[in-house]
1. Need the full-extension length gain, residue 97 to residue 25, defined as separation in residues times 0.36 nm minus the C-alpha distance. One decimal, nm.
2. Where the centroid of each part is defined by its Cα atoms, how far is segment 111-190 from segment 1-78 in Å?
3. Order these by the 10 Å Cβ neighbour count, fewest first: 246, 42, 66.
4. Using the C-alpha atoms of segment 166-270, what convex hull volume per residue, in cubic angstrom, is computed?
5. Cα axis of helix 20-34 to longest principal axis of the chain: angle in degrees, 0 to 90, nearest 10?
6. Please give the residues of segment 152-169, grouped as numeric ranges, whose backbone N is less than 14 Å from a label point set 7 Å along the Cα-to-Cβ vector of residue 6.
7. With each label point set 7 Å from Cα along the Cα-Cβ vector, what nm distance links residue 165 and residue 188?
8. Nearest 10 degrees is fine. How inclined is helix 163-173 to the longest principal axis of the chain, computing both from alpha carbons?
């Protein structure tokens, strides 16, 4: 693998195929909760393959403008040209020091993004800077993920790498995952950033998947990317065979995977 394992460029195609369907429904629900109207100007931060941007573009319609930004060009390449009636525009950019003027957007969305920032406070500050007064910011984060499927994957990964090393990799890639998985902490952080009239919901989603698709999705996660880079290609292939054997022993070929999503929408004071 080439480049920083914390980035998504190396897994963009697999992300679109396997993980995008998991994020599409929560992203659409976040857009609905944010209340994006026809004609709106919307910025989607950390857009990835563009699921929230496309949902926002559908809500904003032909008279709206939706821009998605992401630091991974390969992810943006999977997003470009998709969506109607007016496809979003995309730019390779970091969420910190956004390349837009103050108050440029009436709505900002950040779907499964806040957990990735080293300093989420700085990212939130810049999101609010480009948000117009009276505008709304909507964020979504994965809730806690303790289940038999993730436990089985983790147990096999720990046969190939030390638990502490894998936990450190996850913390380096998503240092605030556990923090924003909590509804109360999410509310407090948005309030500290300056948002008011904060509305919060935790929703449960279930995803029908196959063993192969689930495992392909896990390989695209931070711990999967780290493990592959750390052990090298030969041992990685041994790991892939081992984890598939374990899953075929323990689980049916098709199963439902349940995940909670924490959603929050706040308003920038006028």
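Please treat every number below as a calculation from the coordinates, not as lab data. From a predicted model like this one, the values you see are computed outputs, not experimental measurements. Neighbour counts are summed over all protein chains in view; Cβ atoms, including those assigned to glycine, are modelled from backbone coordinates with ideal geometry.
1. Taking 0.36 nm per residue and subtracting the Cα distance, the gain is 23.0 nm.
2. 17 Å
3. 246, 42, 66
4. So the per-residue Cα hull volume is 126 Å³.
5. The two axes meet at around 30 degrees.
6. 168-169
7. Simple spin-label model gives 3.5 nm for this pair.
8. Tilt relative to the chain: about 20 degrees.
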